[in-house]
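Report on the structure given below.
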Amino acid sequence: MLSPSINYVGKPAISVPNKPVIRWVNPINVLWHGSCFAHEINLRIGNGMQMTAELEALNVQLTDKLRAFENLQVIHLEPTQGCNLRCRMCHVTFEKTKPKYLNIDDIDWDFCRRKVVKIGAVYEPLIHPQINKLIEELNRVDAEIVLITNGHNLNKKEIPALSESKIREVTFSFDGVTKKTYEEIRQGGNYLQTLSNIEAFLDQHAASGARFAINMTVMKSNLAEVPLAPLFWEGFGVTALRFIGMVARDTDNYVVENNLWDCRDDYFSALDDALDCVKSNRLNIGVSSPYYRQRYPDDCPDGIFTNHLSNIDWRSPHNMYEYSEITPIVNKCISPFTAVTINCDGLVNLCQRIPIGSLYEHSFDDLWCSENADALRREVVLNHEVCNTCDYFKFCIKSSYIDVSSPDNYISEHLRQRLIASSS
Ligand SMILES: C[S@@+](CC[C@H](N)C(=O)[O-])C[C@H]1O[C@@H](n2cnc3c(N)ncnc32)[C@H](O)[C@@H]1O
Ligand code: SF4
Ligand code: SF4
């Protein structure tokens, strides 16, 4: 494999303190056991009854406990719909809409009090003109912040409120270690400026207790840089490097040519080389990929390899809060009981994509306990067909469990449906 030279040298590695990890237990696990609803379902399935029609006919009501506000653990917040970059593989590049921004002043942020708020998984959050105001509101209600960003405009953007925040994790997305590759993929991006922004941010927040991660979305054009990435980011003091396989979301030429399925053996061997690098150099940085879980289930049960596993609870908020092994729900997804997504129109969505109403018109509490919300919750429990084609579950909630040996997992459901429709 071709090895490009690295033309940016980060700072010397820091050492990771040896502190014990406290693994978080989802309180809703306890509720499932105590709930008569769960009990009734278990009983009926246990008696050999069908999950669907008979149970639906019973019109089982969700108990107040299962829809209680206390069960809400994580709020996914998309303050914008738009971006300052046009990354080759990203849905934003194929959307032709103008940027939109959430109206921060029209929302009562009290519902975020002491919750985990994950900002910007789908669009770029830091382009919001009032991003500092949003962070101030979240600080006021003592929210814990998880941020994902391209980091590109941090040098121009003043966000002083972040230094007062309870930050759990900041992820920067950066898809290569060389200028050429980064700027080819992250169209409109400036390699050196962004690295300098990341470095300055890490310096400024080094004492915050937050962890810092890099998402490297892997495709054919940056495969050769996968094995170089751990050493590169180690120098910045980054905790985690996530290798995310590109999911084709469009039939654009670049996406098709750079699909990973056609070069999967090279993909797997590049991931192996990256893992070897972390192991043999005893690096502080950890690496993750669903491939590691499949290939090395003993060493990487959650898809993560680190020489310091005991130090950090690595699970993503999705995996921590939206999945529970002990529910009676068939696929174990508890997202509509524990999470919401707020999009830039003020809409509150359950299951990421199903709207239950607008925060501009209703209080959060009314929406969370609304008939719309309960109807969806009943549906996912009683007739989980709605879950069968759920990309959110596959690529977000259970992302570390993606089966990398199946071509189905290299393409989005939305694109698959489009292709099926156009071929028939
Ligand atoms: C859509 S971005 C939004 C947040 C922010 N703008 C950023 O780039 O981090 C979230 C993550 O999705 C990744 N991503 C974008 N397109 C993807 C694709 N087709 N397949 C897999 N991940 C993708 C990005 O690299 C980034 O890490
Ligand atoms: S920076 Fe993030 S949201 Fe913007 S185009 Fe790139 S991946 Fe998509
Ligand atoms: S639709 Fe998706 S997010 Fe919602 S419960 Fe089903 S699998 Fe989970």
> Does the stretch 231-249 hold any residues that are aromatic (F, W, Y) and at pLDDT 95 or above, and which are they?
Replying inline: F232, W233, F243
> Based on what the data block shows, is V122 away from ligand 2 (no atom under 16 Å from the Cβ), hydrophobic (A, V, I, L, M, F, W, C) and assigned to a loop (DSSP other than H, G, I, E, B)?
Replying inline: no
> Given the structure, is T217 part of a helix (DSSP H, G or I) and either among the polar types (S, T, N, Q) or at negative phi (or both)?
Replying inline: no
> With the stretch 270-358 as the region, which helices (runs of 4 or more DSSP H) entirely inside it contain at least 2 residues that are within 23 Å of R113 (Cα to Cα)?
Replying inline: 317-321, 335-338
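Within the stretch 338-354, how many residues are more than 16 Å from ligand 2 (Cβ to nearest atom), in contact (Cβ under 8 Å) with a residue 12 or more places away in the chain and in contact with a strand residue (DSSP E or B) (Cβ under 9 Å, 6 or more places away or on another chain)?
Pass one, the stretch 338-354, residues more than 16 Å from ligand 2 (Cβ to nearest atom): 338-340, 342, 345-351, 353-354.
Remaining after also requiring in contact (Cβ under 8 Å) with a residue 12 or more places away in the chain: 338-340, 342, 345-348, 350-351, 353-354.
From what is left, the residues that are in contact with a strand residue (DSSP E or B) (Cβ under 9 Å, 6 or more places away or on another chain) are 338-340, 342, 345-348, 350-351, 353.
Residues flagged as more than 16 Å from ligand 2 (Cβ to nearest atom), in contact (Cβ under 8 Å) with a residue 12 or more places away in the chain and in contact with a strand residue (DSSP E or B) (Cβ under 9 Å, 6 or more places away or on another chain) within the stretch 338-354 amount to 11.
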>> Conditions first: (1) farther than 15 Å from M89 by Cβ; (2) within 14 Å of ligand 1 (Cβ to nearest atom); (3) within 20 Å of the chain's Cα centre (by Cα). A229 passes all but one, so which condition is the exception?
In response: (3)
> Counting only residues that are within 9 Å of ligand 1 (Cβ to nearest atom) and aliphatic (A, V, I, L, M), which one in the stretch 72-102 is surrounded by the fewest Cβ atoms within 10 Å (Cβ to Cβ)?
Replying inline: V92
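The values are calculated or read from the model by the stated rules, or taken from the named source; none is laboratory data. As the structure is a computational prediction, the values presented were derived from the model and not from experiment. Counting neighbours? That spans all protein chains shown, and the Cβs are built from the backbone with ideal geometry, glycine included.
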